[in-house]
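Working notes for the structure below.
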Amino acid sequence: MSVWDDLVGQSQTVATLSRASSDPDAMTHSWLLTGPPGSGRSTAARAFAAALNCPRHGCGTCRECTTALDGTHADVTVVATEGLSIRVEDARELVVEAAHRPSVGQYRVIIVEDADRLTERAADALLKALEEPSARTVWILCAPSQEDVIITIRSRCRHVRLRTPPTKAVAELLIRRDGVDPAMAMYAARAAQSHIGLARRLARDEGARRRRREVVLMSGRIRTVPDAVGAAADLASIATEESGSSAAERDAAERSRLLETLGADPAARTQPPHVRSQVAALEKDQKARATRFARDITDRALVDLLSMYRDALVVRLGSGVDLVNEDARAEVDALARGMSADELLAAMTAIGQARTRIEANVPLLLALEAMALSLRLPRR
């Protein structure tokens with residue numbers, strides 16, 4: 001057993017990080033791990049943190065390894081924002097924490113899972129700590145690509161790039177780690193396009209599989225303007241269906257805990273000014289979290305929809321590449337017959353533009369409607 005067992009298809013990354021954990025000459029104190037969504041950036045970061053503090057450099061069974069992997073190690077801090085950005089206040093708190101000596105392990109490790117969400121001021125606040133880290137502090141930043149991190153940050157880190165793991169390797173992980181049926185594991189790995197977290201969810205959640213199928217089959221139903229408007233509305237509602245009532249329950253629980261901490265009466269009609277200000281700050285964070293969640297869920301749905309046009313193009317061009325949606329082969333073939341290669345490429349471009357617009361804060365429904373209008377099947 002090893003801390004690297006769940007990092008599939010990343011032999012070069014494992015070799016680099018494993019060597020650094022055991023060889024001082026290969027070690028540096030600021031790292032940037034990049035790779036496509038689902039490639040295992042955060043898994044690699046936690047495994048590296050465990051290996052750095054493990055007496056055997058990543059055995060996977062000792063207390064240092066197990067606590068680092070499950071997020072309870074006293075010297076490993078993991079920042080995984082649920083909001084739209086990492087604020088300068090959060091960055092300053094990390095800088096202060098990074099200055100402390102480790103309490104039980106060899107290194108104090110700061111993992112920032114969403115370094116691409118650092119605001120410019122937050123990044124500036126981290127610069128000094130990255131340039132001149134404490135002797136026993138290690139920074140591990142994670143982002144989709146180097147370009148997603150401002151140059152002043154990435155120029156001060158050693159870059160390690162993860163790749164998209166092979167579908168077969170992801171399926172084998174689901175079988176070994178989660179006990180998933182081999183056929184289901186292969187379907188989930190292929191449908192998730194090797195995104196390990198999503199593959200696990202598809203394999204275990206029938207509702208997630210149903211919603212994904214509804215999304216990919218939209219490609220063959222958008223023929224008229226009303227069809228396009230309806231499809232956009234359906235896509236916009238996906239995030240609401242995904243969250244269900246859990247978000248409201250969590251928000252209420254957080255508010256209740258805050259009032260209890262402040263010694264305020266939850267049943268009071270009005271609260272003192274200092275309580276109101278903290279409640280308002282909490283509600284602002286909750287709203288940002290909801291926005292981020294809606295964007296992420298919608299983006300994933302668009303990636304699934306994009307896969308249908310990609311598969312149709314593969315069929316249209318007679319390529320020997322495996323299909324993402326092999327389980328929807330009949331629908332893929334129909335889409336390939338109904339659209340030319342140029343039209344399929346235009347549809348893929350429209351989906352890409354929608355993803356960019358949503359990330360740039362264009363109203364969700366507006367961006368989806370503009371996209372859906374471009375996806376209408378041509379009349380022959």
Need a quick list: strands (runs of 3 or more DSSP E) entirely within region 82-201 having at least 2 residues that are open to solvent by 40 Å² or more (accessible area, probe 1.4 Å), in contact with a strand residue (DSSP E or B) (Cβ under 8 Å, 6 or more places away or on another chain) and modelled with pLDDT of 90 or more. 158-161
Search region 180-194 for residues that are under 23 Å from ASP299 (Cα atoms) and pair each with any residue that is basic (Lys, Arg) when their beta-carbon atoms are under 7 Å apart and the residues are at least 6 apart or on different chains. ALA191/ARG212
Per-region count, region 218-229, residues open to solvent by 40 Å² or more (accessible area, probe 1.4 Å) and either closer than 19 Å to ALA301 by Cβ or in contact with a Cys (Cβ under 7 Å, 6 or more places away or on another chain) (or both): 3
Region 1-59 - residue that is basic (Lys, Arg) and within 20 Å of the chain's Cα centre (by Cα) and, of those, nearest to LEU162 (Cα to Cα): ARG41
Hey, does region 296-310 have a residue that's surrounded by fewer than 16 Cβ atoms within 10 Å (Cβ to Cβ) and more than 13 Å from VAL215 (Cβ to Cβ)? yes
I'd like to know if region 29-46 contains one or more residues that are out of contact with any Cys (no Cβ under 9 Å at 6 or more places or on another chain), of a type outside the set (Val, Ile, Thr), within 16 Å of ILE140 (Cα to Cα) and assigned to a helix (DSSP H, G or I). yes
Looking at (1) modelled with pLDDT of 90 or more; (2) surrounded by 12 or more Cβ atoms within 10 Å (Cβ to Cβ), which is the only condition ARG210 fails? (2)
VAL275 being open to solvent by less than 50 Å² (accessible area, probe 1.4 Å), out of contact with any Ser or Thr (no Cβ under 6 Å at 6 or more places or on another chain) and modelled with pLDDT under 85: yes
How many residues does region 311-328 contain that are of a type in the set (Asp, Glu) and open to solvent by less than 20 Å² (accessible area, probe 1.4 Å)? 1
Region 215-235, subset closer than 23 Å to PRO363 by Cα, in a helix (DSSP H, G or I) and of a type outside the set (A, V, I, L, M), residue nearest to the chain's Cα centre (by Cα): ASP234
Pair list, Cβ < 9 Å and 6+ apart or interchain, from region 150-169 residues that are over 11 Å from LEU127 (Cα atoms) to residues that are open to solvent by less than 50 Å² (accessible area, probe 1.4 Å) and among the basic types (Lys, Arg): LEU162/ARG41
GLY71, sole failed condition from (1) on the phi < 0 side of the Ramachandran plot; (2) open to solvent by 30 Å² or more (accessible area, probe 1.4 Å); (3) not aromatic (Phe, Trp, Tyr): (1)
Filtering region 251-263 for residues that are closer than 23 Å to ALA288 by Cβ and either part of a loop (DSSP other than H, G, I, E, B) or of a type outside the set (D, E, K, R) (or both) leaves a count of 7
Go through region 272-380 and tell me which helices (runs of 4 or more DSSP H), entirely inside it, have 1 or more residues that are in contact (Cβ under 8 Å) with a residue 40 or more places away in the chain and out of contact with any helix residue (DSSP H, G or I) (no Cβ under 7 Å at 6 or more places or on another chain). 273-317, 329-338, 341-359
Looking at THR77, THR34 in this structure, which one is hydroxyl-bearing (Ser, Thr, Tyr), open to solvent by less than 50 Å² (accessible area, probe 1.4 Å) and modelled with pLDDT of 95 or more? THR34
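The values are calculated or read from the model by the stated rules, or taken from the named source; none is laboratory data. On a predicted model such as this, the values are computed, not experimentally measured, just so you know. Cβ: placed from backbone, ideal geometry, glycine included. Neighbour counts: every protein chain shown. When the accessible area is computed, the model is the full protein with side chains, heavy atoms only, and any ligands, DNA or RNA have been set aside. Shrake-Rupley method; radii C 1.70, N 1.55, O 1.52, S 1.80 Å.
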